[in-house]
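These notes concern the structure reproduced below.
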Amino acid sequence: TRVPYPFYDTYSVTTTLTREQITTISPTVKYKNNIVIPWREDFEDPSLLLDIISKSDTTINLYEETPFEGLRSGKVVLEGDKLFFEMTSDTTYILPQTGQSIFLELDFKTNSVITTGVYINAGSIVQQSSVLMLNPTDEWKKIYINLTRAVLNTQNPRNFRVFFGILRAENSETVEAYFDNIKLIY
């Protein structure tokens, strides 16, 4: 049921292929010209574009030892009496209600499940809508999370906030989660 990722431009090349010879093609990937990226957090700037909710037991820190890309990534650790973490985009966003594609793009690595989704502000009601659970992985993974339905299935939304949540069971191992290159895109 996956949909094609609609934001990358096509790559085309004209070449002559010769039987029993290897032809190397090195495509480049770039975004289309008409996309909007209202929120981007790459953890390179010391001031993060994230809010940690008040119920969180811990925070996210800049991680410089082996970042995914660039100089830093974000790292969350839950250990000891720390059982819950949740962060949101630092700003609310007005997202299109016309059915066009809306995605959350990020790189991550974790030894626990991470819940992703949106907070929907519909005036007097703020609703949390979980969209996808990211499973543990020992390697960095890139993921494209389709937020379109979560945004469209809302009555009269004023704005949205992206969220990430982690819950650690008592007496379980230390949870470590790493984030990089977070983008909200439509």
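The values are calculated or read from the model by the stated rules, or taken from the named source; none is laboratory data. What you are looking at is a predicted structure, and each value in this text was computed from that prediction instead of being measured. Methodologically, a virtual Cβ is constructed for each residue, glycine included, from the backbone with ideal geometry; neighbour enumeration extends over all protein chains shown. SASA here: full protein model, heavy atoms, side chains in, ligands and nucleic acids out. Shrake-Rupley method; radii C 1.70, N 1.55, O 1.52, S 1.80 Å.
Key figures for this structure:
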| item | result |
| --- | --- |
| Pair list, Cβ < 6 Å and 6+ apart or interchain, from the range 63-83 residues that are among the aromatic types (Phe, Trp, Tyr) to residues that are open to solvent by 40 Å² or more (accessible area, probe 1.4 Å) | Tyr63/Lys75; Phe68/Trp140 |
| Verdict on Leu17 being free of Cβ contacts under 8 Å to residues at least 60 places away in the same chain, under 15 Å from the mean Cα position of the chain (by Cα) and assigned to a loop (DSSP other than H, G, I, E, B) | no |
| From the options Asn171, Asn146, residue that is polar (S, T, N, Q) and surrounded by 15 or more Cβ atoms within 10 Å (Cβ to Cβ) | Asn146 |
| Tally of residues being assigned to a loop (DSSP other than H, G, I, E, B) and either closer than 20 Å to Val77 by Cβ or out of contact with any Gly (no Cβ under 8 Å at 6 or more places or on another chain) (or both) across the range 148-186 | 12 |
| Scan of the range 149-168 for residues that are of a type in the set (Lys, Arg), over 22 Å from Pro6 (Cα atoms) and crowded, with 18+ Cβ neighbours inside 10 Å, ordered by number | Arg168 |
| Given (1) part of a loop (DSSP other than H, G, I, E, B); (2) open to solvent by 60 Å² or more (accessible area, probe 1.4 Å); (3) more than 14 Å from Leu106 (Cβ to Cβ); (4) not charged (D, E, K, R), number of the condition Phe68 does not satisfy | (3) |
| Residue in the range 81-98 that is small (Gly, Ala, Ser), on the phi > 0 side of the Ramachandran plot and either surrounded by 13 or more Cβ atoms within 10 Å (Cβ to Cβ) or modelled with pLDDT under 95 (or both) present | no |
| Verdict on Ser73 being open to solvent by less than 40 Å² (accessible area, probe 1.4 Å), in contact with a Leu (Cβ under 9 Å, 6 or more places away or on another chain) and not charged (D, E, K, R) | yes |
| Residue in the range 111-132 that is buried (at least 16 other Cβ atoms within 10 Å of the Cβ), touching a residue at least 40 places away in the same chain (Cβ under 8 Å) and not in a strand (DSSP E or B) present | yes |
| Some residue of the range 15-29 being among the hydrophobic types (A, V, I, L, M, F, W, C), surrounded by 14 or more Cβ atoms within 10 Å (Cβ to Cβ) and under 20 Å from Lys141 (Cβ atoms) | no |
| From Leu132, Leu152, residue being in contact with a strand residue (DSSP E or B) (Cβ under 6 Å, 6 or more places away or on another chain) and aliphatic (A, V, I, L, M) | Leu132 |
| Selected residue (criterion: nearest to Thr91 (Cα to Cα)) from residues of the range 47-58 that are among the hydroxyl-bearing types (Ser, Thr, Tyr) and open to solvent by less than 60 Å² (accessible area, probe 1.4 Å) | Ser56 |
| Checklist (1) within 21 Å of Thr174 (Cβ to Cβ); (2) not in a loop (DSSP other than H, G, I, E, B) applied to Leu104, failing item | (1) |
